[in-house]
Amino acid sequence: MDAPATDPGTQYLRIAHGLADAMRQGSLARGQRLPSVRETARQHGVAIGTAVQAYRWLEDTQLIEARPRAGFFVRGPRSVQLPEPTIARATRKPQAVCVDDALGRRLLGPVAAQGVVSFSSGTPDASLLDADRVRRTLVRTVQRQRALLCQYPGAHGHPEARQALARYALTLGCSLDPERITITAGCMDAVSLCLRTVTRPGDVVAIESPTHYSFLELLQGLHLKALEIPTHPRHGLSLDALQLALDTQPVRAVLVVPTLSNPLGSCMPLAERQRLAALATRHDIAVIEDAVYSDLVLSDTLRRSVKSYDSSGHVMLCDSFSKTVAPGLRLGWVEAGRWTEPLQRLKSLHGAQTAVLELALADLLTQAGHQALMRQLRSEAARRLEQARALIAEHFPAGTRVSDPPGGFLLWVELPAGVDAQAVQQAAQAENILVAPGSLFSAHARFRNCLRIGVGADWRAGHPAALRRVGELARSLVRGQMRAR
């Protein structure tokens, strides 16, 4: 009897893990050129496509890098080793939310002024997102679907677009019915619909601490209370702390970003994602999962959503492509589990998106080169983060702690205790440099000695010097404190 053929899905991992072991053992040294894809395929007796998958895996895990017209080379080990930020203590009681709207708009909104260097955005700029590809796709879709411009769109999204989103959801580990997907005006619109479906004014929502500023805006606008749950800078929301909160507080929903949380960049381990889905079922509460950063994580494994473990419909999955494809399309989607019908009724009251844009997005997601563009985006994000961490290590005050996210465009910087991050922000802003103080990311105005540094919006020649200057301003505050003692 013939031996069964080796699964191609394990072949590429076998090759990748073998090369990774050689790098760890020193057989493949830093800067050394790897065999070509064709050579690797021949050495291992596999198809070229299998060797390509192996090299892509090594790229995504930041073990190798591609150099134009030169091939693949071994990356060196991380040169910057910094302590990670501390974990915030649990808050005892839910808190009514009151955000600083003026400060939030000034620091986190679009930058219009010339000469301003911004580290406040978590959204990549147009050059990273291939605006020409988006333009060509839009023009082609309008030409093919121009009749839709003269028709009212369906409230829940064009069927073809929902089918494309269901196919995309497979990359998150989910098998979804397209009929139960609702297309929204971005991810925040999806999260808002979820909150409005499962809560009423005065209800308590458990959130990460620190959390996304826009989540706090939503909670304030919907008159909901926030219960901040301690969040580890690498592993995400503490489920032990959440369990205690569910046992002692009237929590109606949990709002969480399991993959590359904003602002920490933490990623919840898969076992914890499974446990979170089980907690939602056991306590009969909604988990609102924001997956907007999932395509930016370096490891394919960490793209798996909490929703993929949900067997009872208690997880509401929200997503968009504003961080990876085109923020200007303003399109997102949600699969609301057991709350799908009431959410879709609510959505029907607020109009629909443009079907042509929905179909253009579907086209963009299914184009042959899309995954290659995602790999390029992740690689550039990793390069910027590594450069920013190196600058912070060299120029920020001694005792500074920095997150080390496996992807994305955000760093969480914890300055030494007692340093007022808002004073650093104000001094930097006086020099046309924008950074976001940590107090913006908490309902309790905590994290007063923290900054969120974003490297997505732009990364021109002046950015490294500007980040060095932020560090100098923080160091001057430390020196002032020492003189005052």
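The values are calculated or read from the model by the stated rules, or taken from the named source; none is laboratory data. These numbers come from a predicted model, not from an experiment. Reconstructed Cβ throughout: ideal geometry from the backbone, glycine too, with neighbour counts over all protein chains shown. To get the accessible areas, we keep the full protein, side chains included, count just its heavy atoms, and leave off ligands, DNA and RNA. Shrake-Rupley method; radii C 1.70, N 1.55, O 1.52, S 1.80 Å.
Some points to look at:
- Checked against the criterion of being small (Gly, Ala, Ser) and under 21 Å from residue 345 (Cα atoms), the range 135-156 has at least one qualifying residue.
- For the range 411-432, a residue qualifies if it is open to solvent by 10 Å² or more (accessible area, probe 1.4 Å), aliphatic (A, V, I, L, M) and under 26 Å from the mean Cα position of the chain (by Cα), but none of them does.
- Any hit, the range 434-457, residues being farther than 30 Å from residue 221 by Cα and either free of Cβ contacts under 8 Å to residues at least 24 places away in the same chain or in a helix (DSSP H, G or I) (or both): no
- For the range 252-274, the count of residues that are in contact (Cβ under 8 Å) with a residue 60 or more places away in the chain, surrounded by fewer than 23 Cβ atoms within 10 Å (Cβ to Cβ) and in contact with a helix residue (DSSP H, G or I) (Cβ under 8 Å, 6 or more places away or on another chain) is zero.
- Test: residue in the range 410-420 that is closer than 20 Å to residue 449 by Cβ, without any contact (Cβ under 8 Å) to a residue 60 or more places away in the chain and among the charged types (D, E, K, R): yes
- Inclusion of residue 163 among residues that are open to solvent by 40 Å² or more (accessible area, probe 1.4 Å), touching a Pro at 6+ places or on another chain (Cβ under 6 Å) and in contact (Cβ under 8 Å) with a residue 12 or more places away in the chain is warranted.
- Residues satisfying the stated conditions in the range 357-387, i.e. of a type outside the set (Lys, Arg) and open to solvent by 50 Å² or more (accessible area, probe 1.4 Å): 357, 366, 368, 371, 376, 379, 387
- One residue alone among 34, 63 is touching a residue at least 12 places away in the same chain (Cβ under 8 Å), open to solvent by 40 Å² or more (accessible area, probe 1.4 Å) and of a type in the set (A, V, I, L, M, F, W, C), and that residue is 63.
- Pairs, first more than 20 Å from residue 290 (Cα to Cα) in the range 336-359, second of a type in the set (Ser, Thr, Tyr) and open to solvent by 60 Å² or more (accessible area, probe 1.4 Å), C-beta under 8 Å, six or more apart: 352/152
- All positions within the range 37-60 that are part of a loop (DSSP other than H, G, I, E, B) and open to solvent by 40 Å² or more (accessible area, probe 1.4 Å): 45, 47
- Within the span defined as the range 75-84, every residue fails to be in a helix (DSSP H, G or I), hydrophobic (A, V, I, L, M, F, W, C) and either open to solvent by 60 Å² or more (accessible area, probe 1.4 Å) or within 24 Å of residue 401 (Cβ to Cβ) (or both).
- Sole residue being surrounded by 17 or more Cβ atoms within 10 Å (Cβ to Cβ), among the aromatic types (Phe, Trp, Tyr) and over 21 Å from residue 109 (Cα atoms), chosen from 441, 396: 396
- Among the residues of the range 170-182, those that are open to solvent by 30 Å² or more (accessible area, probe 1.4 Å) and either closer than 16 Å to residue 353 by Cα or assigned to a helix (DSSP H, G or I) (or both) comprise 170, 171, 178, 179, 180.
- The residues listed here are 297, 315; of these, the one that is more than 23 Å from residue 61 (Cα to Cα) and β-branched (Val, Ile, Thr) is 315.
- Scanning the range 398-415 for residues that are at pLDDT 95 or above, farther than 21 Å from residue 216 by Cβ and in contact with a helix residue (DSSP H, G or I) (Cβ under 9 Å, 6 or more places away or on another chain) yields 400, 402, 415.
- When the criteria are applied in full, residue 134 meets the requirement of being in contact (Cβ under 8 Å) with a residue 24 or more places away in the chain, β-branched (Val, Ile, Thr) and within 24 Å of residue 214 (Cβ to Cβ).
- Residues that are surrounded by 19 or more Cβ atoms within 10 Å (Cβ to Cβ) and assigned to a helix (DSSP H, G or I) within the range 458-474 comprise 463, 466, 467, 470, 471, 473, 474, listed in sequence order.
- Residue 209 vs. criteria buried (at least 24 other Cβ atoms within 10 Å of the Cβ) and under 19 Å from residue 303 (Cβ atoms): no
- Residue check for residue 390: out of contact with any helix residue (DSSP H, G or I) (no Cβ under 6 Å at 6 or more places or on another chain), of a type in the set (A, V, I, L, M, F, W, C) and in a helix (DSSP H, G or I): yes
- Among the residues of the range 147-158, the one identified as open to solvent by 70 Å² or more (accessible area, probe 1.4 Å) and free of Cβ contacts under 8 Å to residues at least 60 places away in the same chain is 150.
- Considering 446, 401, 452, the condition of being in contact with a Gly (Cβ under 8 Å, 6 or more places away or on another chain), of a type in the set (D, E, K, R), open to solvent by 20 Å² or more (accessible area, probe 1.4 Å) and closer than 28 Å to residue 236 by Cβ is satisfied by 446 alone.
- Members of the range 305-324 found to be modelled with pLDDT under 95 and open to solvent by 10 Å² or more (accessible area, probe 1.4 Å), listed by number: 322, 323
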